[in-house]
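Q: Could you have a look at this structure, given as structure tokens, before my questions?
The values are calculated or read from the model by the stated rules, or taken from the named source; none is laboratory data. No experiment lies behind these values; they were computed from the predicted model shown. Heads up, the Cβs are rebuilt from the backbone with ideal geometry, glycines too, and the neighbour counts pull from every protein chain shown.
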Amino acid sequence: MSLIRSMVADDWQKYIPGLLLCMLFAFVVMNIHHVLAKYQKADEASFEIPRVEEKIAELSAAGSDPAEIAALQARLEKYRKDLAKMGGKVGDRWEWATLLYQDLQFKYVAMLLIGGIIIRNTIGVAKIFLPGIGIARPLIKPGIIILGVHYIWSDVAKVGGAGLLLTAVFIFGTALSVMYLCKKFNVPDGLGGIMGAGTGVCGVSAIIATSPVVKAKPRDMAYAIGTILLFGTLMLFVMPYLGQMLDVSQSQFGAWAALAILNTAQLIAAAEWYGEDARNTAVLINAARIMLIPFIVMYTVWFYDLKESVAHEHHGLWNTIKSKFPVFILGFFILVLLNSLNLPFLGGPKEAHTPFWAMNAVYKWFFALGFAGIGLSISIDDMKKAGGVAFLVGSGAAATKMVLGLIAVILIGTELLMVTGGH
Amino acid sequence: MTEQDIKKNESTEKVLQDTSKRVLSSEKREDIWAIIISGVILLLCSINPDAIYTFFKKTLFIF
């Protein structure tokens, strides 16, 4: 009974209004996204149908491979269905939908984030909604677990292995540089330590995990969290466009974002914005990254020479690792394992009428709720709180990591970073 | 530094550590809830995959 009670906050009622607001916001935006997507598909269909028909006629006349003709006919059938859904005919155009949905990438992620920021900073959000908005953000976690049905172990070994190596190099390199620079510029150990851990590994979680170790003050935590979130917010909006400009592939973008954006929620948002393959790679590398949190805590202990105090507080290495381990990632790996086993009663994300196929339809709603929470919680006033030398060092290190990360993923190439998803 | 200042600093330190622990434990709680929610979804999807698929892919889109 006490276990159940400990799982529920005493004042759980105060979270309901904000959570309902996020649900309503996510619901409206997902519907707008859906309508935009339908118009964009109809526009594409209207443009493509005459071309595909012409191509089929050409191939048939030349007596080409029947398989190629059949593939084109299937594509034609899909286009006709897309056009029929909007009640249109060939020649009808909805160019505005293509401009918004495809060219400007104005999808549910962008609408929830930009819309949320506009609402929060213009109309404002009543105090009664704030606690619930705060807990909508972690609802991205069940979405990440459910996304486990998209992967198989060979993906984890290939992409996760490359990601683990990449993140390990970048995490410890960044953390060491930031901690060293903070010491050089006489930034207090507390702020330097959490800023190093935060910019190196997984943003807010790492800051929270290392703050008791370096005895960071609440103001230090606010500065470090502010810096990470501010940088992440900027990158969230800039990187998808930068990726398109630099013609970075989806998988490369996923890996690049996982190195550059330090907050899980912001990372998933940026990668989802770029595309499904980008998100698949980003989620897997992020899983590898956040498993390194306990090690960054140990690293901070070593850097600030606090071995004795930690040995006293946590009774050794194993307990430190155990207490800082992100438990939810186990759920993700259990689903990857079940998907890899190819069990007939669970099916797969592409096998219709199976449990994993149904689960594949659910995760986006969790993401939408989480993104609604992020958008509505970004207050420009709060972001101004991040400041001083630590902010410059933290942002400089994060920006350097972003540039070096881009070079690394371009050198690695798409193949090693691509998730296949198996059956 | 007076004795009062030392006591004040110590109590601030304690509040700080308590806050960190509370935040960290709430993060663990979030993680466990995430696993429970996913488990429930897996169970519901195993019982009736078509109903769950239709609800999240069709029913929730009203336009």
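Q: Looking only at residues in region B:33-60 that are β-branched (Val, Ile, Thr) and exposed (fewer than 15 other Cβ atoms within 10 Å of the Cβ), which one is farthest from the other protein chains (Cβ to nearest Cβ)? Don't jump to the end; show me each part of the working.
A: Here is the first cut: in region B:33-60, the ones β-branched (Val, Ile, Thr) are B:35-37, B:40-41, B:47, B:52, B:54, B:59.
Those left that are additionally exposed (fewer than 15 other Cβ atoms within 10 Å of the Cβ): B:36, B:40, B:47, B:54, B:59.
On the way: B:ILE36: 8, B:VAL40: 9, B:ILE47: 9, B:THR54: 9, B:THR59: 11 Å.
So the residue we want is B:THR59.
Q: What are the pairs, 6+ residues apart or on separate chains, where a residue within region A:99-110 that is under 9 Å from A:HIS33 (Cβ atoms) has its Cβ under 9 Å from a residue that is outside any helix (DSSP H, G or I)?
A: A:TYR101/A:LYS107
Q: Would you mind listing the helices (runs of 4 or more DSSP H) fully within region A:1-94 where at least 2 residues are of a type in the set (Ser, Thr, Tyr) and more than 14 Å from every other protein chain (Cβ to nearest Cβ)? Even if it seems obvious, please write down each step before you answer.
A: Values: elements: A:2-7, A:16-62, A:66-85.
So the answer is A:16-62.
Q: Name the pairs: first residue in region B:37-49 and more than 17 Å from A:ILE140 (Cβ to Cβ), second residue β-branched (Val, Ile, Thr) and outside any helix (DSSP H, G or I), Cβ to Cβ under 7 Å, at least 6 apart or on different chains?
A: Cβ pairs passing all conditions: B:PRO49/A:THR354.
Q: On to the next question. Specify which of the listed residues (A:VAL403, A:VAL336) is modelled with pLDDT of 80 or more, in a helix (DSSP H, G or I), under 26 Å from A:LEU181 (Cα atoms) and among the aliphatic types (A, V, I, L, M). Talk me through it step by step, then tell me what you get.
A: Details: A:VAL336 fails: under 26 Å from A:LEU181 (Cα atoms).
Checking each option against the conditions leaves just A:VAL403.
Q: On to the next question. Can you name the residue in region A:334-378 that is within 20 Å of the chain's Cα centre (by Cα) and not hydrophobic (A, V, I, L, M, F, W, C) and, of all such residues, is farthest from A:GLY143 (Cα to Cα)? Break it down stepwise before answering.
A: Just the residues of region A:334-378 that are within 20 Å of the chain's Cα centre (by Cα), to begin with: A:334-336, A:349, A:359-378.
Filter again for not hydrophobic (A, V, I, L, M, F, W, C), leaving A:349, A:360, A:363-364, A:370, A:373, A:375, A:377.
Working: A:PRO349: 14, A:ASN360: 10, A:TYR363: 5, A:LYS364: 7, A:GLY370: 9, A:GLY373: 14, A:GLY375: 17, A:SER377: 19 Å.
Checked region A:334-378; the qualifying residue farthest from A:GLY143 (Cα to Cα) is A:SER377.
Q: Of the residues A:LEU330, A:LEU369, only one is in the same structural domain as A:PRO131 (by TED's automatic domain parsing), part of a helix (DSSP H, G or I) and either at pLDDT below 85 or exposed (fewer than 15 other Cβ atoms within 10 Å of the Cβ) (or both); which? Write out each step before concluding.
A: Working: A:LEU369 fails: either at pLDDT below 85 or exposed (fewer than 15 other Cβ atoms within 10 Å of the Cβ) (or both).
Just one listed residue meets the conditions, A:LEU330.
Q: What's the total number of residues in region A:323-342 that are under 19 Å from B:TYR53 (Cβ atoms) and within 11 Å of chain B (Cβ to nearest Cβ)?
A: Summing the residues that are under 19 Å from B:TYR53 (Cβ atoms) and within 11 Å of chain B (Cβ to nearest Cβ) in region A:323-342 gives 2.
Q: In region A:339-365, what residues are in a helix (DSSP H, G or I), modelled with pLDDT of 90 or more and surrounded by fewer than 24 Cβ atoms within 10 Å (Cβ to Cβ)? Give the derivation first.
A: From region A:339-365, those in a helix (DSSP H, G or I) are A:339-340, A:355-359, A:363-365; that's our starting set.
Next cut, modelled with pLDDT of 90 or more only: A:355-359, A:365.
Correct list: A:TRP357, A:TRP365.
Q: Here are some conditions: (1) surrounded by fewer than 21 Cβ atoms within 10 Å (Cβ to Cβ); (2) in contact with a Phe, Trp or Tyr (Cβ under 6 Å, 6 or more places away or on another chain). A:ASP92 meets all but one. Which one does it not meet?
A: Result: A:ASP92 passes all but (2).
Q: Specify the residue that is surrounded by the fewest Cβ atoms within 10 Å (Cβ to Cβ); the eligible residues are those in region A:119-153 that are without any contact (Cβ under 8 Å) to a residue 60 or more places away in the chain and hydrophobic (A, V, I, L, M, F, W, C).
A: Within region A:119-153, the subset without any contact (Cβ under 8 Å) to a residue 60 or more places away in the chain is A:122-124, A:126-127.
Among the residues that remain, those that are also hydrophobic (A, V, I, L, M, F, W, C) are: A:123, A:126.
Working: A:ILE123: 8, A:ALA126: 10.
Restricting to residues being without any contact (Cβ under 8 Å) to a residue 60 or more places away in the chain and hydrophobic (A, V, I, L, M, F, W, C), the top hit is A:ILE123.
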